[in-house]
Amino acid sequence: MTEHGIYQTHLTARQNLNRLSIIRGVALLGQLLALVFFTSINPIGLPTEAIALVLAIYASVTVAGWLRSRLSIPITQREFFIHLLADIFFFSMLMYFSGGASNPFISYYLIPISIAAITLPRHYSILIGLAALLSYSLLLNYFVAIAAIAPSGHGHHQASSNNLHILGMWANFAISTLIITYFISRMANALKRQQQQIAEQREAQLRDEQLLAVGTLAAGTAHELGTPLNTMKLLVDEMTAEAKHPEADLQLLNQQLELCKTTLKQLLMTAEQSQHHQQQTQLLQAYFSGLLQRWLLMRPRANANITLADREQSASFHPTVDQSIINLLNNAADASPHNMDIIVDWDNDQARISIRDYGAGLDADKVDDLGQAFVTDKADGLGLGLFLSRATLTRFGGTVSLQNAPEGGTITEIILPLNDKSAPGNAQ
């Protein structure tokens, strides 16, 4: 789940507990008014002190739940489940002191069952339903009898009818519990999945729009760079030809200019291959070896300890994956140019690239936002390298994770799927 999705989940949990506190408040108010009416205005023999004590404790739990919903500490599903169990317990105590299953308000049990079916996973919903059904069943036999609402005992037939009526209410409750727990929970889960898919699609659309904007800018910039690069290349060639013994720096400059021209040509080739979906299958060892050699040409002063697996495995990758990996390698080289560890391994399902640098590590204040557009922890960074790399690899089924190493520095982990249809290795 994305950071935005986690935030939304925590926000929803707090809102659910806040709404549950409101429902509790409404129920408490109704029960308090009923207690006052049937004690002072129309007495029916309720155990006033016992019911008042239960209501007082329940009110304190309600206030505590409302205060808890205002804290920033995440509310887990288990915690919300315990809140609903507490509601069932206190309501059962109130029913126990007011006639048990013969109390006309016994159907209130359906409220926590419905809330659990909508907000909690199925196993929690089932447990809430079983707890309510068990409480209802116990109240058939264990309760403080209230003459005004108790079944009439005048005549065997009438008493039997009343008992059948209460048993029929219990059976109806059991069926309602089963329907709510099974069907309502399935409908709620389907709705949650649909909302999650919509949120993911919106996030992907926003990321694609950002990529399109950056890609358009990159294409225009590449076109503009062609002329000055050609001019510099001609000047360097002339200087190299005039010098009897060209200096090493001049040769390096010539090599870097040639690499820039090659990169611009590859940009055009990548666009053409993407348009015609032309990705050739090649051995992973040859692919990663060539990729790392090309990167070393770009960073000739980088000192990297490279460990490359030696196993027979083939795959094809989209050309943009190459640039994404190189961006991440460059980030590590910027942080620690003189000491890096690069481990490349793979199996039948995925390739794993671990890049370890020994730099200053990730900025704790920005670590949660890294990977978003224009967010960087470099003094002269643009905030696009990690964003583009992560967006590209995610598009083709890969993942990128960064974490601070215990001994200092940063570990960048890249995972590329090899057999998934959405992976770059299987693009059609």
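Assorted remarks:
- Note on the range 242-297: residues that are β-branched (Val, Ile, Thr), closer than 27 Å to residue 232 by Cβ and either in contact with a Gly (Cβ under 9 Å, 6 or more places away or on another chain) or at pLDDT 85 or above (or both) total 0.
- Among the residues of this structure, residue 200 does not count as one that is outside the structural domain of residue 111 (by TED's automatic domain parsing), over 30 Å from residue 254 (Cβ atoms) and either modelled with pLDDT under 70 or in contact with a helix residue (DSSP H, G or I) (Cβ under 9 Å, 6 or more places away or on another chain) (or both).
- A residue that is outside any helix (DSSP H, G or I), closer than 20 Å to residue 181 by Cα and either touching a residue at least 12 places away in the same chain (Cβ under 8 Å) or assigned by TED's automatic domain parsing to the domain that holds residue 26 (or both) cannot be found anywhere in the range 82-97.
- Residues satisfying the stated conditions in the range 189-205, i.e. closer than 29 Å to residue 114 by Cβ and either in contact (Cβ under 8 Å) with a residue 40 or more places away in the chain or surrounded by 13 or more Cβ atoms within 10 Å (Cβ to Cβ) (or both): 189, 192, 196, 199, 200
- Any hit, the range 107-123, residues being free of Cβ contacts under 8 Å to residues at least 60 places away in the same chain, touching a helix residue (DSSP H, G or I) at 6+ places or on another chain (Cβ under 7 Å) and of a type in the set (Phe, Trp, Tyr): no
- Selected residue (only one of 229, 164 is modelled with pLDDT of 65 or more, of a type outside the set (D, E, K, R) and in the same structural domain as residue 112 (by TED's automatic domain parsing)): 164
- Every residue from the range 66-77 that is free of Cβ contacts under 8 Å to residues at least 24 places away in the same chain and either outside any loop (DSSP other than H, G, I, E, B) or under 23 Å from residue 105 (Cβ atoms) (or both): 67
The values are calculated or read from the model by the stated rules, or taken from the named source; none is laboratory data. Note that the structure is predicted; figures quoted are calculated from it, not measured. Every residue, glycine as well, gets a Cβ built from its backbone with ideal geometry; the counts of neighbours run over all protein chains shown.
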